[in-house]
Amino acid sequence: MEAALTQATITPTQLKADVLRHLTFTLGKDAANASPYDWRMALSFAVRDRIVEPWFASTRQTWAQDRKRVHYLSMEFLIGRILEDATVNLGLREVAEEVMAGFGQDFHGLVEGEPDAALGNGGLGRLAACFMESMATVGCPAYGYGIRYEHGLFKQSFQGGQQAEMPEDWLSMTNPWEFARPESAYVIPFKGEVKTEAGREVWLPSETVLASAYDTPVIGWQGKWANTLRLWAAKSTQQFDLERFNRGDYAAAAEPEALARTLSRVLYPDDTTYQGKELRLKQEFFLTSAALQDILRRFKTVHSNLLDLPKYVAIQMNDTHPAIAGPELIRLLSDENGLSFQDALETARGCLGYTNHTLLPEALERWATFTFGTTLPRHMQIVERIDSWHRSAYHPPHYIGIVKHHEVRMGELAFVMAHKVNGVSALHSDLVKKNLFPELNALHPDRICNQTNGVTPRRWLKMSNRPLSALITKTIGEGWEADLDLLRGLEPHCEKPAFLAEFDAAKRANKVALADWINTECGVTVSPDALFDVQIKRIHEYKRQLLNILQTVAHYQRIKADPSADYVPRVKIFGGKSAPGYAVAKEIIHLINDVARVINNDPEVGDRLKVIYPANYNVSMAERLIPAADLSEQISTAGKEASGTGNMKFMINGAPTIGTLDGANVEILQEVGADNFFLFGMTTAEAMKRREDPEQSRKAIEASAALPGVLQAIAEGAFSPEQPDRYHGLVHRVWHHDYFLVAADFDAYDAAQAEVDKAYADRPRWVKMAALNTARSGFFSSDRTIRSYMKDIWSIESALGV
Ligand code: 26W
């Protein structure tokens, strides 16, 4: 089998010439007065040139061999920066550093000028980005399909300790990684009515927009394979109204274009509460319809029998956001291509897979039949037909319909229309079966499977943690980047003091760099000898940042009560954004900042405790924080975190977890062993039982030695003297409606933190624990996850024969 073009080595002389050529001829700049922006662009174009060849080779090979392809439909791709990642995968990073230094430019300074591509909210979007990179690495022919949002996730700042949101503007500068494909454009219909003509349903839409493609190549490890991320931008289908413009009616002349563009204008910043907004439904259909039209167009260039579609096309729905793919594919196959309804349905099901990423009831998409029916009248009919077909085909005893109480339930729709449904960790998949879709699971017992998440070790270890990567290569040789199980080879070394000293030195180098950055960014001096304790993720009640900050206050009170005792110095680091409309999460942010201000300015505390919360947490900040972390906070209420993927990144980078039995923590614990994990808290079953007692939180608080004092201090305004009653509401809720069991788990968490202190004070024990976390993290590579999807869901072989 012909392999795709493998990476040719590039000499510094060649790269230098390429950079200069782009600076001169692409950017039209003279080296003598080029800005860092110009240099970054020139380097990016020079690197991009090296991606294009393997990209073409991969595409050609897929066509020549008529291979099956994956189509990953996702409303979010949280990519981050691309330049350094691309140089790492092409084996060009050192060459680029040398070449840019020759131009008097610092490679790392340039890299940091690149804005994050923040086309996602959190876990689901970042997973899609890791999957794209892993599909390219393992040679799985694939397209990612998404929306080219003009504004990615908002920028966060703190004003008086409170979150403020500012628009994100990544496209205000040239994006060197994308290729506009104006020739690949599709008309996306909306609204209007459905008429019956000669026994067939005909949809007469009253609105249309154009979906226009932008392609970004995604290069895998060592440039052996590359796939395409195709993002759609909305354009008007109407021509510019020159006559109106000439009459002086400028705004009206531009109106159709402005209206159409709203569809791809902004990313919805809510990552858990679904809102039922028409614009969101339109965005979902816009992405899905454009992707499916593109897929069918490509299929029809070589095949004529649409019933063969599942042999060549796998379509993965990333949560229910593209779940309209079921009815839309049926519509395209039947209304537009003449298949019978039944054939269309079976063909669509053969292609579709559905990944569930959350059990939280408020996150499950349900559209009012009114909104759904007016926006997509033909799809409303098709959904009802799917529902009645399913009901009559399976005669369920208790039918959980797709359409119920005037709502279309997207989870049920996705389930019925998919040949495979998966959860994202062992525990979560179990709960998807037992709690989310028990009836549907009983009808289709083989449909739900588990695919535990993973992360790409190229970005999350090789690129972002150079000291540790160098040590790993020195110890076990190369090859671990594409076969993370090889990290097991580190285990025997975890007994050797010399190796552990080097492991410790690598971590310390990262901590020194982070301490420097914290100093410039936050104006707080932290000691690299302190334990760096990190919780970074979206702010949400179920993730329990509140538990962390309450325990921080308890620790502070202990220091104040006995300032002469011995304490293990700690830096508590928080990072994360709240959805703009999520008042409770915003209150928690305010509290963390208030507590930080008091503690950081208390001279009696000094280096023993610091609280750091840098604003605007994003992928690039994660790349800085994770390699420098000593402790990974994964403390969600059991049963609520589907998987977590940050937890895996910390483990790979040698940070033990303090965590609950939730999501993939369960599997992390299993891999690393109980001696190397700080487990605490209730299990899912215990949590469910505990909630049955309406008095549970009051009882927990009263039983705790520390918690009443913590809550009292906060309630009295110890951290908000300018407004003493600021946290009355928050404290009241902990006492009386503590659904996420912060109080009930408080003492167990506090005790686990004391264990952490004890372990950290015992240096040899701690470093060994940290090193074993890295050594046993191989399972959490997204390459493993992708291979498993290829086998269990997509039935696809690697084009690289691996
Ligand atoms: C419609 C509003 C909305 C938007 C996004 C609801 C729900 C979502 C996502 C499903 C939330 C999400 O990002 N889930 C996370 O997915 C990760 C990848 O599988 C998991 O690791 C996280 O545990 C899960 O919270």
Residues that are of a type in the set (Ser, Thr, Tyr) and outside any loop (DSSP other than H, G, I, E, B), drawn from the range 696-729: SER697
Members of the range 271-311 found to be of a type in the set (Phe, Trp, Tyr), within 16 Å of the ligand (Cβ to nearest atom) and under 24 Å from GLN342 (Cα atoms), listed by number: PHE285
Residue count for the range 405-417, restricted to those that are within 17 Å of GLU328 (Cβ to Cβ) and away from the ligand (no atom under 16 Å from the Cβ): 2
The range 342-365, residues that are away from the ligand (no atom under 16 Å from the Cβ) and part of a helix (DSSP H, G or I): GLN342, ASP343, ALA344, LEU345, GLU346, THR347, ALA348, ARG349, GLY350, CYS351
Of all residues in the range 536-570 being in contact with an Asp or Glu (Cβ under 7 Å, 6 or more places away or on another chain) and among the hydrophobic types (A, V, I, L, M, F, W, C), the one that is surrounded by the most Cβ atoms within 10 Å (Cβ to Cβ): LEU547
Matching residues, the range 193-239, being surrounded by fewer than 23 Cβ atoms within 10 Å (Cβ to Cβ), part of a loop (DSSP other than H, G, I, E, B) and not β-branched (Val, Ile, Thr): ALA198, GLY199, PRO205, SER206, GLN238, GLN239
Of the criteria (1) buried (at least 16 other Cβ atoms within 10 Å of the Cβ); (2) in a helix (DSSP H, G or I); (3) touching a strand residue (DSSP E or B) at 6+ places or on another chain (Cβ under 9 Å), which one ASP533 fails: (2)
Number of positions in the range 514-530 that are assigned to a helix (DSSP H, G or I) and within 20 Å of PHE650 (Cα to Cα): 4
Residue that is free of Cβ contacts under 8 Å to residues at least 12 places away in the same chain and either assigned to a loop (DSSP other than H, G, I, E, B) or within 27 Å of the chain's Cα centre (by Cα) (or both), where the choices are SER564, SER578: SER564
Verdict on ALA687 being in contact (Cβ under 8 Å) with a residue 12 or more places away in the chain and either more than 25 Å from PHE77 (Cβ to Cβ) or not hydroxyl-bearing (Ser, Thr, Tyr) (or both): yes
Residues that are within 16 Å of CYS130 (Cβ to Cβ) and not hydrophobic (A, V, I, L, M, F, W, C), drawn from the range 52-83: TYR72, SER74, GLU76, GLY80, ARG81
Answer residue from the range 736-761, given it is free of Cβ contacts under 8 Å to residues at least 60 places away in the same chain and closer than 13 Å to LEU550 by Cα and is farthest from the chain's Cα centre (by Cα) among those: ASP747
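Pick from SER632, SER636: which is in a loop (DSSP other than H, G, I, E, B), buried (at least 24 other Cβ atoms within 10 Å of the Cβ) and of a type outside the set (Asp, Glu)? Lay out the reasoning, then the answer.
Numbers: SER632 fails: in a loop (DSSP other than H, G, I, E, B).
Testing whether each residue is in a loop (DSSP other than H, G, I, E, B), buried (at least 24 other Cβ atoms within 10 Å of the Cβ) and of a type outside the set (Asp, Glu) leaves just SER636.
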Checking GLY223 against (1) away from the ligand (no atom under 16 Å from the Cβ); (2) at negative phi; (3) in contact with a Pro (Cβ under 8 Å, 6 or more places away or on another chain), the condition it does not meet: (2)
Enumeration of residues in the range 378-425 that are of a type in the set (Lys, Arg), under 13 Å from ALA323 (Cβ atoms) and touching a residue at least 60 places away in the same chain (Cβ under 8 Å): none
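So if I check each of LEU625, LEU609, which one is buried (at least 24 other Cβ atoms within 10 Å of the Cβ) and closer than 25 Å to ALA513 by Cβ?
Numbers: LEU609 fails: buried (at least 24 other Cβ atoms within 10 Å of the Cβ).
Going through LEU625, LEU609 in turn, the sole match is LEU625.
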The one condition in (1) within 16 Å of the ligand (Cβ to nearest atom); (2) touching a helix residue (DSSP H, G or I) at 6+ places or on another chain (Cβ under 6 Å); (3) hydroxyl-bearing (Ser, Thr, Tyr) that TYR399 fails to fulfil: (1)
Answer from THR137, THR174 - the residue that is of a type in the set (Val, Ile, Thr) and in contact with a Gly (Cβ under 7 Å, 6 or more places away or on another chain): THR137
Qualifying position, being of a type in the set (Ser, Thr, Tyr) and in contact with a helix residue (DSSP H, G or I) (Cβ under 8 Å, 6 or more places away or on another chain), among THR520, THR452: THR452
Flag for GLY109 being surrounded by fewer than 23 Cβ atoms within 10 Å (Cβ to Cβ), touching a residue at least 60 places away in the same chain (Cβ under 8 Å) and farther than 27 Å from SER782 by Cβ: yes
For PHE370: the one exception among (1) out of contact with any helix residue (DSSP H, G or I) (no Cβ under 6 Å at 6 or more places or on another chain); (2) within 11 Å of the ligand (Cβ to nearest atom): (2)
Single match in ALA748, ALA771, ALA744 (criterion: in contact with a His (Cβ under 9 Å, 6 or more places away or on another chain) and part of a helix (DSSP H, G or I)): ALA771
Those residues of the range 649-679 which are more than 17 Å from ASN453 (Cβ to Cβ) and either part of a helix (DSSP H, G or I) or within 12 Å of the ligand (Cβ to nearest atom) (or both), in sequence order: ALA674, ASP675, ASN676
The lone exception for GLU686 - which of (1) within 26 Å of THR358 (Cα to Cα); (2) not in a helix (DSSP H, G or I) it fails: (2)
Residue within the range 135-155 that is surrounded by fewer than 16 Cβ atoms within 10 Å (Cβ to Cβ), in contact (Cβ under 8 Å) with a residue 24 or more places away in the chain, closer than 30 Å to TRP63 by Cα and over 19 Å from the mean Cα position of the chain (by Cα) present: no
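For the range 598-648, what are the residues that are within 16 Å of the ligand (Cβ to nearest atom) and of a type in the set (Ser, Thr, Tyr)? Show your work before the answer.
As a first pass, look at the range 598-648 and keep what is within 16 Å of the ligand (Cβ to nearest atom): 617-619, 622, 626, 632-648.
Residues satisfying the conditions are TYR617, SER632, SER636, THR637, SER643, THR645.
No lab work stands behind these numbers, since they all come straight from the coordinates. From a predicted model like this one, the values you see are computed outputs, not experimental measurements. In this analysis, Cβ positions are derived from the backbone assuming ideal geometry, glycine residues included, and neighbour counts consider all displayed protein chains.
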